[in-house]
Structure formats: structure tokens, C-alpha cells
1. How much net charge surrounds M191 when only the other residues with a Cβ under 14 Å from the Cβ of M191 are counted, with Lys and Arg +1 and Asp and Glu -1?
2. Taking the Cβ of K211 as the centre, find all other residues whose Cβ is under 14 Å away and add up their charges (Lys, Arg: +1; Asp, Glu: -1).
3. I'd like the FRET efficiency for K211 and L11, computed as 1/(1 + (r/R0)^6) with the beta carbon distance as r and R0 of 41 Å, rounded to 0.05.
4. To the nearest 0.05, how large is the calculated FRET efficiency for D189 and K118 if R₀ is 41 Å and r is the Cβ-Cβ distance?
5. Can you check what the net charge comes to around Y46, using other residues whose Cβ is under 12 Å from the Cβ of Y46 (Lys, Arg +1; Asp, Glu -1)?
6. Sticking with the crude label model, points 7 Å out along Cα→Cβ, report the distance from I19 to K156 in nm, one decimal please.
7. With respect to the cross-link table entries K118/K219; K89/K219; K92/K198; K92/K113; K89/K156, which display a Cα-Cα separation exceeding 24 Å?
Amino acid sequence: MFVDSKYSKILTVLLVVVIVGIVGLLGFLGYEMYTKYFLEEDTQAYMDDYANSLGIQPLEENNVTGDFNSLLDVNTVTNASGDSTGTAKQFKGFDVVGAIEIPKTNVNLPILKQMGTKAMNTSVVQQYGPGPNQVGNTVIAGHNYRNGQFFSNNYKLENGDTIYITDNSGTRLKYVIYNKYETTPEDADYMDRDTGGKPEISLTTCTDDSKARIIIWAKLAE
């Protein structure tokens, strides 16, 4: 009788531990889904307002709003500090320098000027370089989350895929991916490269196991 009672107590304790573990896991997953949903809602609302404020239509192949040569002609290329021409904009307290759209992976996000944990939990960020649509290589960094946010699907991108960058002057330019590879987290050689006097972008995110980085280079479409 004593043995049965002791065994029953052990089973009860184990059952409680399992239940608490399951509830905790469901709570964590539920919170993650909750935060993802509301961040996506807030982001979509912001991007709609951003586009409207700049007079930009929903992305289509035939409504890209400019090319690099026309930017030079009208002197609207932004300055070396990374500040875009036009009204200053913010998303959740962070300065916005532009927007990135990747049709293949359904990315439509503000590019934040500040680096840091909170900024990178909010959107993608300008990690290095002159800024959207400016001469030189602008590096845009984003997290790879298991919930599919930000640059989680960059592994699906291939050479020839398109990326659209809008700056705060309202100019949207089309870029084409021409290089993709994995490297170590310590490798930063790709950041400072010769772009031949034209704007280029680099996207960087971690692999699923966080042991390497997926780097993507893109240049202006011809």
C-alpha cells in the first residue's frame, strides 16, 4: 500500500511537470504568434502610410519611379550621412531611411537607420554604407526567425531575382541579385566593395543554425 501511494505521488508530480511544460510551451508559441501578428499589422499599416505620403503606387514591374541616371540629373541622390531627401520618417520610434520590397519572398519593410537589438526586432536595418539608392554599397541586415519574418526566407532568393528599394525622396529603384553565398559571421569584406560609381545593396542574415551568414549582392537593373 505504501509503495503504491509513493508511486502515485511520483506520477502525479511528473504529470504536473509535463502539464506545466506544455502550458509554458503553448504560452511561448502563442506569444510569438501574437507579437508576429501585431507587428505585421503595424508594419503593413505603416508601409501603406509611407507609400501614400510619397505618392507611390503598389509595386508593379512597370511603375518603378526612376533610374540612377535620372537621379543624378535632378540632384536627388542623398548625402553621405545616410539621410534621404524628403521628410524625416519614423516607425516605432526608429528613424526610417527607406523601404525594401522583395516580391519573391513577400517582403515589404521599412529600413531603419539605427542598429541594435530592439531595432532589429522591429524591422530590417541599415548596417553599413551610404543609404538607400546612393552611390556605394548599402548593407541591409535582418533577422532570420523561424516564424518567417524579415529575412527568414532569403535562402530562397537566387541570382536574377529582384529587389526594390525606395528612399525618402519617393524614388523606387529596381535591383537584381547577382551573387549569393554563405560566409562566417566575422567576414565583413563584402561591406566595403567597389561598385563602379553606382548604388548597390547587400542583404545579410544568419543561417537557421546561426553558425554562418547568408550574403546577397544586388545591382541596379539595366
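1. -4
2. On the way: positive: R213; negative: E182, E186, D187, D208, D209.
Value of the local net charge: -4.
3. That gives a FRET efficiency of 0.50.
4. 0.90
5. Counting the neighbours of Y46, the net charge comes to -3.
6. Those two pseudo-labels are separated by 4.1 nm.
7. Distance filter (> 24 Å) returns K118/K219; K89/K219; K92/K198; K89/K156.
None of the figures in this text is laboratory data; all of them are computed from the coordinates on show. Nothing here was measured: the structure is a model prediction, and the numbers come from that model. A quick note on method: Cβ atoms are made from the backbone with ideal geometry, for glycine too, and the neighbour counts reach across all protein chains shown.
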